[in-house]
Amino acid sequence: MSVFDPHLIHPVSPHHFSYGGLDRNDSARSDLNFIRQLFKAPGTRFIIVWRTQNFFKCSELGLTAMQCLSYDESELFLEEALSIYLGKDRNDNDYICLDISKYSEDALGYLSKIGQFGDLRKADPSILGDEGSILAYAKAMCFWHSKSLFCNNCGSLTESSQGGHTRTCCNLDCGATHFPRTDAAVIMAVTFENKILLGRQSVWPEGMLSVLAGFVEPGETLEHAVAREVYEEAGIFVKNVQYQHSQPWPFPASLMVGFRAEAASTRLKVNTQEIEAAHWFSREQINQFDGLTNFLPRKLSISRRLIEEWLVEK
Ligand SMILES: [Zn+2]
């Protein structure tokens with residue numbers, strides 16, 4: 001069972017990708033016998049990731065549900081797979097992630113009969129939070145492994161250890177242990193009286209508008225990062241920076257930390273080196289977005305949640 005109820009630890013319901021419904025069972029990760037037995041246990045579910053893509057059930061509606069493999073199905077890919085023990089769900093089903101990126105597309109033929117690979121970011125908002133959370137966790141772990149093949153202490157090869165939750169340097173004189181990394185980023189709904197600040201980056205789909213965001217830099221607090229990013233991108237000073245909630249964002253390795261902040265003024269000075277545009281919008285204006293000329297980010301994202309929380313306030 002899970003070690004906590006994601007619905008009880010914060011007043012806001014959990015985001016897609018942040019249900020945390022698995023007991024990560026860290027005390028068992030390093031037990032090789034435990035992991036070996038899990039591979040052939042009937043209840044074990046295998047989550048596969050291929051070249052950053054997750055595996056979903058086939059559906060005409062899009063990416064609506066995760067597709068697990070049984071041991072018999074996963075056995076086709078075990079020889080070249082990297083395995084990561086993810087943990088167990090509320091019903092005591094254990095989950096093992098298999099990164100099968102070493103296989104060519106031609107070798108994946110069987111899988112096309114039972115599911116489809118896809119970008120988790122494009123999952124349908126109807127996907128269950130528990131499933132989105134497991135897929136995000138698996139994808140993030142696979143990305144970290146793929147970027148950690150060499151020791152950043154001595155340059156030697158590393159190998160997976162602790163059930164896939166660390167990598168250990170193969171050079172016995174070094175032996176450094178490496179842990180998964182997550183890049184903290186702040187994302188903030190900046191308001192002034194009855195308006196909210198929305199901007200857009202040139203790489204986004206045409207017409208999409210969202211709240212500002214940026215990576216936390218070494219030596220600063222999350223609140224400082226909010227104030228710095230808003231000033232750098234829009235020339236606005238903020239006050240009363242308040243934490244709201246957070247969302248893992250494995251595209252490829254971020255944790256989005258959501259805030260509200262009040263602007264000291266509405267006078268914008270947009271840094272076009274960082275963002276394409278930024279403007280103030282009233283609730284009435286946003287409610288009249290036509291979905292083509294202007295639209296908000298997808299419902300899976302914390303950015304959409306931050307905007308919608310503000311929209312329903314009086
Ligand atoms: Zn090393």
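Values quoted throughout were computed directly from the atomic coordinates according to the rules given, and no laboratory measurement underlies them. Keep in mind that what you see is a predicted model, and the values were worked out from it rather than measured. Please note: Cβ atoms are built from the backbone with ideal geometry, for glycine as well, and neighbour counts cover all protein chains shown.
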> On the first, second and third principal axes, largest extent first, how far apart are the outermost C-alpha atoms of the chain in Å?
Replying inline: 61, 51, 40
>> Explain nothing, just compute: Karplus ³J(HN,Hα) = 6.51 cos²θ - 1.76 cosθ + 1.60, θ = phi - 60°, for every residue of segment 57-68 in order, whole Hz, x for Gly and Pro.
In response: 5, 5, 7, 5, 7, x, 8, 9, 7, 6, 10, 9
> Restricting to segment 32-147, what percent of DSSP beta bridges are antiparallel, rounded to 5?
Replying inline: 70
> Any idea what diffusion coefficient segment 39-138 gets from Stokes-Einstein, in µm²/s, Kirkwood Rh on alpha carbon pairs, 25 °C, 0.890 mPa s?
Replying inline: 180
> Say we join alpha carbon atoms closer than 10 Å with springs in a Gaussian network model of the chain; which of Val12, Val211, Val203 then has the biggest fluctuation?
Replying inline: Val203
> Unpartnered cysteines of the chain (Cβ-Cβ under 4.7 Å counts as a partner)?
Replying inline: Cys58, Cys68, Cys97, Cys142, Cys170
>> Please compute the contact order of the chain in relative form: average sequence separation of alpha-carbon pairs under 8 Å and at least six residues apart, divided by the residue count, as a percent.
In response: 17
> segment 183-311: Rg/Rh from Cα coordinates, Kirkwood Rh?
Replying inline: 0.93
>> Once each part is reduced to its C-alpha centroid, what is the distance from segment 1-63 to segment 236-285 in angstrom?
In response: 31
>> Can you tell me what share of the DSSP beta bridges in the chain is antiparallel? A percent to the nearest 5 is fine.
In response: 75
> Between Ser30 and Lys269, what FRET efficiency follows from the Cβ-Cβ distance if R0 is 41 Å, with the result rounded to 0.05?
Replying inline: 0.20
> Among the lysines in the chain, how many pairs, 8 or more places apart or on different chains, have alpha carbons under 19 Å apart?
Replying inline: 14
> What distance in nm separates the simple spin-label points at Glu262 and His7, each placed 7 Å from Cα in the Cβ direction?
Replying inline: 3.5
